[in-house]
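Asks: Sharing a structure, written as structure tokens. Questions coming.
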Amino acid sequence: LNTIVYAQKAADISTLSEKTLHTILEKNRAYYTQGKVADYIPELGKMDAKAIAFSVVDKNGKVFNTGDVNKKFTMQSISKIISLMVAVNEKGEAHIFDKMGYFGSDKPFNHFSNLETTGKPLNPMMNAGAILTTSLIPGDGEKPFLKILDMVRYITKNSSIDYNKSVYESEKSTGHRNRGMFYIMKNSGLISGNEDQLDNYFKQCSIELTAEDLAKIGYFFANQCVRFDGDATYKNADMAKLVESQMLTAGMYEFSGEYSRTVGLPSKSGVGGGITVSVPGKIGIGVFSPALDQHG
Ligand code: GLU
């Protein structure tokens with residue numbers, strides 16, 4: 001948390017340097033001992049708990065990196081902000097949010113929340129809403145996933161990004177809660193397709209990238225969906241506002257409220273150990289540290 005608050009100040013005084021980042025990283029290095037690598041997806045349990053990386057894209061799109069910057073990890077729930085953008089781009093906000101809410105989260109990521117009562121997921125950041133969002137992206141089979149992957153590659157300008165097949169297989173064979181949510185939503189008519197749609201969700205979670213890629217994603221939503229190199233193909237202030245509002249109210253699951261109070265920046269976590277942060281109108285931050293606290 002200190003890291004991010006410090007970076008917010010740095011964004012204001014524009015004195016960012018790799019050395020500053022390195023100092024911050026070293027100050028925070030020991031915190032991993034307070035966390036635990038996610039192992040409910042067996043393949044994730046193999047992550048190195050001590051790995052740590054920190055990346056910032058400043059206002060001018062310049063990249064600053066420190067730590068294990070070449071270490072790749074899976075983006076997991078951070079993919080949900082990309083699938084939300086793709087779905088809203090193609091189907092319109094009204095269509096997507098007719099089927100789920102804009103509610104904040106006070107529940108863990110995999111909670112069934114009110115699927116049983118009102119039938120609708122609380123928001124597109126928790127698993128239920130994210131699985132539904134991906135199912136609403138048009139296209140047969142793997143196509144919706146490929147659209148998400150293409151968008152990640154575009155935003156990061158990194159065409160080598162792909163998904164990790166072993167993590168995907170691991171998620172697919174153990175994701176029984178997610179499968180349960182998928183079928184409850186199919187039962188209530190919210191989802192109309194077959195299990196390919198759930199596979200697309202597992203695949204998007206398994207997209208592998210680095211802290212630098214995450215910082216570029218943070219920058220993109222912080223700057224009206226303009227890419228770090230100035231490319232404005234997807235420029236859309238309202239889309240950025242929608243995604244950032246979801247990050248702020250639900251991006252850190254049940255910790256979102258407390259996080260808003262203490263850090264106050266739109267952020268999205270993933271159980272692979274990444275967090276993408278947008279400092280609105282300014283910079284993007286990507287952090288990687290796979291030892292998670294109890295909120296994932
Ligand atoms: N693939 C993970 C799951 O669905 C994502 C959870 C997360 O990153 O919070 O369980």
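Asks: Modelling each spin label as a point 7 Å along the Cα-to-Cβ direction, I'd like the ARG177/ASP150 distance in nm, to one decimal.
Replies: Roughly 3.3 nm, to one decimal.
Asks: Continuing with the same structure: From the backbone phi of region 17-22, what are the Karplus-calculated ³J(HN,Hα) couplings (6.51 cos²θ - 1.76 cosθ + 1.60, θ = phi - 60°) in whole Hz, Gly and Pro given as x?
Replies: Calculated HN-Hα couplings, in order: 8, 4, 5, 4, 4, 4 Hz.
Asks: Still on this structure: Compute and list, largest first, the equivalent-ellipsoid semi-axes of the chain from the alpha carbon gyration tensor, each √(5λ) rounded to a whole angstrom.
Replies: With the √(5λ) rule applied to the chain, the semi-axes are 29, 21, 18 Å.
Asks: Further question: Under the definition of Cα pairs under 8 Å and six or more residues apart, what whole-number percent is the relative contact order of the chain?
Replies: After rounding, I find 28 percent.
Asks: Under the Karplus relation 6.51 cos²θ - 1.76 cosθ + 1.60, θ = phi - 60°, what is the ordered set of whole-Hz ³J(HN,Hα) values for region 35-41, x standing for Gly and Pro?
Replies: Computed from phi, the couplings for region 35-41 are x, 9, 5, 4, 10, 5, 9 Hz.
Asks: Ok, one more. Suppose we flag GluC sites (Glu not before Pro) only when DSSP calls them loop and at most 14 other Cβ atoms lie within 10 Å. Which is the longest uninterrupted stretch of the chain?
Replies: Details: sites that count: GLU116, GLU142, GLU195.
The longest such stretch corresponds to 1-115.
Asks: Within the chain, what's the longest stretch lacking chymotrypsin sites (Phe, Trp or Tyr not before Pro) that sit in DSSP loops with no more than 15 other Cβ atoms inside 10 Å?
Replies: On the way: sites that count: TYR40, TYR102.
Formally, the longest exposed-site-free interval is 103-296.
Asks: State log₁₀ I(q)/I(0) for region 80-159 at q = 0.12 Å⁻¹ as given by the Debye formula over alpha-carbon point scatterers of equal weight, solvent excluded.
Replies: -0.35
Asks: Another question, if that's okay. How charged is the neighbourhood of LEU209? Take every other residue with its Cβ under 11 Å from the Cβ of LEU209, and add Lys/Arg as +1 and Asp/Glu as -1.
Replies: Working: positive: LYS71, LYS72, ARG153, LYS216; negative: ASP162, GLU208, GLU212, ASP213.
So the environment of LEU209 carries a net charge of 0.
Asks: Moving on. Work out the P(r) tail for region 179-296: percent of alpha carbon pairs separated by more than 20 Å, whole number.
Replies: Value for region 179-296 (Cα pairs over 20 Å): 52 percent.
Asks: Report, to the nearest 10°, how far helix 237-250 tilts away from the longest principal axis of the Cα atoms in the chain, using its own Cα long axis and a range of 0 to 90°.
Replies: It is inclined by approximately 90 degrees.
Asks: For region 61-210, which whole percent of the accessible surface, found with a 1.4 angstrom probe, sits on carbon and sulfur atoms? Write down the numbers at each step before the final one.
Replies: Values: 2830 of 5860 Å².
Carbon and sulfur: 48 percent of the exposed surface of region 61-210.
Asks: Under the Karplus relation 6.51 cos²θ - 1.76 cosθ + 1.60, θ = phi - 60°, what is the ordered set of whole-Hz ³J(HN,Hα) values for region 82-89, x standing for Gly and Pro?
Replies: Whole-Hz 3J(HN,Hα) from phi for region 82-89: 6, 5, 4, 4, 4, 5, 5, 4.
Asks: Past the 19 Å Cα-Cα mark, which pairs from LYS91/LYS157; LYS46/LYS216; LYS19/LYS62; LYS71/LYS241; LYS46/LYS268; LYS143/LYS165? Let's see the in-between values first.
Replies: Numbers: LYS91/LYS157 25 Å; LYS46/LYS216 26 Å; LYS19/LYS62 15 Å; LYS71/LYS241 30 Å; LYS46/LYS268 22 Å; LYS143/LYS165 17 Å.
Pairs exceeding the cut-off: LYS91/LYS157; LYS46/LYS216; LYS71/LYS241; LYS46/LYS268.
Asks: Could I ask something else about it? Please report the net charge: other residues with Cβ closer than 13 Å to the Cβ of GLY189, K and R +1, D and E -1.
Replies: Charge balance near GLY189 sits at +2.
Asks: Put +1 on the Cβ of every Lys and Arg and -1 on every Asp and Glu Cβ in the chain; which of TYR253, THR134, MET185 then has its Cα farthest towards the positive end of the dipole?
Replies: Positive-most Cα among the choices belongs to TYR253.
Asks: Moving on to the next point. Using a cut-off of 11 Å between beta-carbons, work out the net charge of the residues near PRO108 (Lys and Arg +1, Asp and Glu -1, PRO108 not included).
Replies: Local charge sum for PRO108: 0.
The values are calculated or read from the model by the stated rules, or taken from the named source; none is laboratory data. Quantities reported herein were computed from a predicted structural model and do not represent experimental measurements. Note that we place each Cβ from the backbone using ideal geometry, even for glycine, and neighbour counts take in every protein chain shown. SASA here: full protein model, heavy atoms, side chains in, ligands and nucleic acids out. Shrake-Rupley method; radii C 1.70, N 1.55, O 1.52, S 1.80 Å.
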